[in-house]
1. Rounded, prolate or oblate for the stretch 1-45? Axes are the square roots of the Cα gyration tensor eigenvalues, ordered a ≥ b ≥ c, and the cut-off for rounded is a/c under 1.5.
2. Classify the stretch 150-214 from the C-alpha gyration tensor, please: rounded if a/c falls under 1.5, else prolate or oblate depending on whether a/b exceeds b/c.
3. On alpha-carbon atoms, Rg over Rh for the chain using Kirkwood Rh?
4. Provide the net charge surrounding Ala18, with neighbours chosen by a C-beta distance below 14 Å and charges set as Lys +1, Arg +1, Asp -1, Glu -1.
5. What 222 nm value per residue comes from the helices of the chain, counting each DSSP H run with n ≥ 4 as -39,500 (n - 2.57) and dividing by all residues, nearest 500 deg cm²/dmol?
6. When the convex hull of the C-alpha atoms of the stretch 111-163 is computed, what volume per residue in Å³ does it have?
7. If I take every Cα pair under 8 Å that is 6 or more residues apart in the chain, average their sequence separation and divide by the length, what percent do I get for the relative contact order?
8. Length gain on complete extension for the stretch Lys69 to Asp54, per 0.36 nm per residue less the alpha carbon to alpha carbon distance?
Amino acid sequence: MNIVLLGAPGAGKGTQAAKIVEAWGFPHISTGDILRKAVADATPLGLEAKRYMDAGDLVPDPVVIGLVKGRLADDDAGKGFILDGFPRTAVQAEVLDGELDSMGKSIDAAILVAVDSKVLVDRLTARRTCRGCGKIYNLQNNAPAKVEVCDACGGELYLRDDDTVETVSNRLNVYELSTAPLVDYYRDKGVLKEIDGDRPVDDVFADVHTIVKG
Ligand code: AMP
């Protein structure tokens, strides 16, 4: 199954993607994760992307589109994939459709994880991410057993540079302006599935499960 996860920063896309991977094994293609790795490795791409990411702005379309095209062509994406954080603009959505079309594929479900914007700022600033395996925690409702230590791999938990109060409000504005219109794009295509993301992780996943199971 070819899935797009839609939703504002902090809606829980990464958490749900990890659970889909666990249940079905589809590769998780997160443009944010790919870009953060490039930044950590200080590659030319990472150096270019960092200034946009630190400000909470979008990295230019051609850069991100190039990354995703390459990843979709990998063998493991043949049996299905989960796109998380992509597409984020109308141009990205259209290029994605064209690319999939040329591969004889299409998006089967665009799952919108809907969360009220008032909840998102608190969620993002309480989010902690593992440096080792990328697992996501929330200090308020999904805390690790030991402070700042990942339950899964023992790695260090950190606050993403763009999960600070200052950057979060710009990221939410950018979402409303550039990405929220994609909800209509996928609704028009008849593949939009909206779920309430303001519930415990497993309750949200129960709905995701029903959609992916088909
Ligand atoms: P995320 O982990 O999805 O919240 O992404 C973190 C940051 O990476 C975003 O705030 C953007 O700066 C950049 N980014 C990730 N995905 C995209 C995308 N599809 N288009 C443009 N920028 C992106």
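1. Prolate, since a/c reaches 1.5 and a/b exceeds b/c.
2. Oblate, because a/c is 1.5 or more while a/b does not exceed b/c.
3. 0.93
4. After counting each charged neighbour, the total is -1.
5. So the calculated ellipticity at 222 nm is -14000 deg cm²/dmol.
6. Given the Cα convex hull of the stretch 111-163, per-residue volume reads 95 Å³.
7. Across the chain, relative contact order equals 30 percent.
8. 3.0 nm is the gain from fully extending Lys69 to Asp54.
No lab work stands behind these numbers, since they all come straight from the coordinates. Computed from a prediction, not measured in an experiment: that's the story for all the values here. Here the Cβ is made from the backbone with ideal geometry for all residues, glycine too, and neighbour counts use every protein chain on show.
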